[in-house]
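Asker: Dropping a structure here in structure tokens format, bear with me for questions.
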Amino acid sequence: MRVAVFGAGGGIGGALIDALLADAEVETVYGIARAAPEPISDPRFVPLGADLTDEAKLAEMAGTLSDAGPLDMVIVATGLLSDGDGLQPEKSWRDQSLGAFERIFAANTFGPALVAKHMLPLLNRKTASRFAVLSARVGSISDNHLGGWHAYRASKAALNMLVRNYALELARRNERAVCVSLHPGTVATDLSAPFTGRGGRELFSPEDAARALLGVLSGLGPADSGKHFDWSGKEVPA
Ligand SMILES: NC(=O)c1ccc[n+]([C@@H]2O[C@H](COP(=O)([O-])OP(=O)(O)OC[C@H]3O[C@@H](n4cnc5c(N)ncnc54)[C@H](OP(=O)(O)O)[C@@H]3O)[C@@H](O)[C@H]2O)c1
């Protein structure tokens, strides 16, 4: 199995790579981060550098990956919620700003869309190949009872819509393919830390989240494509 993981430097992305490399059936894992990760002793790990919003770089990378053969799985584990420097989830409509919308949507929606543009064509057309993006339950419109976090929620809701679109298009190329968004649960990473407090309420470790997400992904079939699932395999309503 040949796999590409975007967000290799992130908490969940890094744990996904470790879990994949622990699987003897995995031949190659491309680990993609803004700054290419350090190589490791396992030759199956191939570190690459790309910013998701740099389409020229993504196109160049797609050329390199395509020369090496089709991909069996692509996981987009990137995302942005806050930056510790003024970018904060909004509590009210009064807190909204164009700059924050642009940054959050670039990372959570437009970037994954560009990855889809350049990676979906590389998926193996003869096998049950998979494309998954990490979304968030707070992107569910029908499940939103608290409000707030306007840009993040909206960026993930839009991402889920794109995943639905890609699933419909992908099925015309390969009826066995699966394209889904996944909610990892609340996981102890840099992204969640400002809102959960490390060691506060019970959180998933990135390792447990990665194991759970890979288990969910391997159990999904074409009838599940286009949907949003949580770490336990339960569908998250749109
Ligand atoms: N942790 C949670 O509790 C939780 C809950 C629900 C959903 N999620 C989702 O799970 C995903 C992974 O989150 P995480 O918790 O693992 O967060 P994380 O540790 O902060 O990792 C996020 C990664 O995204 C990368 N990234 C952001 N913008 C990028 C860009 N333009 N180009 C390339 N890479 C970019 C960051 O790269 P740099 O290292 O270069 O900044 C970072 O490695 C996100 O989509 C998040 O919304 C997480």
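The values are calculated or read from the model by the stated rules, or taken from the named source; none is laboratory data. Only a predicted model underlies this, so the values are computations on that prediction, with no experimental measurement involved. Heads up, the Cβs are rebuilt from the backbone with ideal geometry, glycines too, and the neighbour counts pull from every protein chain shown.
Asker: In the set Gly185, Gly215, which member is outside any strand (DSSP E or B) and free of Cβ contacts under 8 Å to residues at least 24 places away in the same chain? Don't jump to the end; show me each part of the working.
Answerer: Details: Gly185 fails: free of Cβ contacts under 8 Å to residues at least 24 places away in the same chain.
When all the criteria are applied, what remains is Gly215.
Asker: So which of Leu87, Leu71, Leu98, Leu80 is under 14 Å from the mean Cα position of the chain (by Cα), at pLDDT 95 or above and of a type outside the set (Val, Ile, Thr)? First the steps, then the outcome.
Answerer: Values: Leu87 fails: under 14 Å from the mean Cα position of the chain (by Cα); Leu71 fails: under 14 Å from the mean Cα position of the chain (by Cα); Leu98 fails: under 14 Å from the mean Cα position of the chain (by Cα).
Exactly one of Leu87, Leu71, Leu98, Leu80 is under 14 Å from the mean Cα position of the chain (by Cα), at pLDDT 95 or above and of a type outside the set (Val, Ile, Thr), namely Leu80.
Asker: Next question, about the same structure. Which of (1) within 16 Å of the ligand (Cβ to nearest atom); (2) crowded, with 18+ Cβ neighbours inside 10 Å does Leu122 not meet, given it meets every other one?
Answerer: So the condition that Leu122 fails would be (1).
Asker: Provide a single number: the residues in region 168-197 that are farther than 23 Å from Leu87 by Cβ, aliphatic (A, V, I, L, M) and over 15 Å from the mean Cα position of the chain (by Cα).
Answerer: Total meeting the criteria: 4.
Asker: Across region 183-234, what is the total count of residues that are among the hydroxyl-bearing types (Ser, Thr, Tyr) and at pLDDT below 95?
Answerer: Residues of region 183-234 among the hydroxyl-bearing types (Ser, Thr, Tyr): 186, 189, 192, 196, 205, 218, 225, 232.
Restricting the remaining residues to those that are at pLDDT below 95 gives 196.
Final tally of qualifying residues: 1.
Asker: Right, next: Which members of region 54-73 meet the condition of being surrounded by fewer than 17 Cβ atoms within 10 Å (Cβ to Cβ) and in a loop (DSSP other than H, G, I, E, B)?
Answerer: Once the filter is applied, which keeps residues that are surrounded by fewer than 17 Cβ atoms within 10 Å (Cβ to Cβ) and in a loop (DSSP other than H, G, I, E, B), region 54-73 yields Asp54, Gly69, Pro70.
Asker: Among Ala171, Ala210, which is away from the ligand (no atom under 12 Å from the Cβ) and of a type in the set (Gly, Ala, Ser)? Step through it out loud before you land on a result.
Answerer: Numbers: Ala210 fails: away from the ligand (no atom under 12 Å from the Cβ).
Of Ala171, Ala210, the one residue that is away from the ligand (no atom under 12 Å from the Cβ) and of a type in the set (Gly, Ala, Ser) is Ala171.
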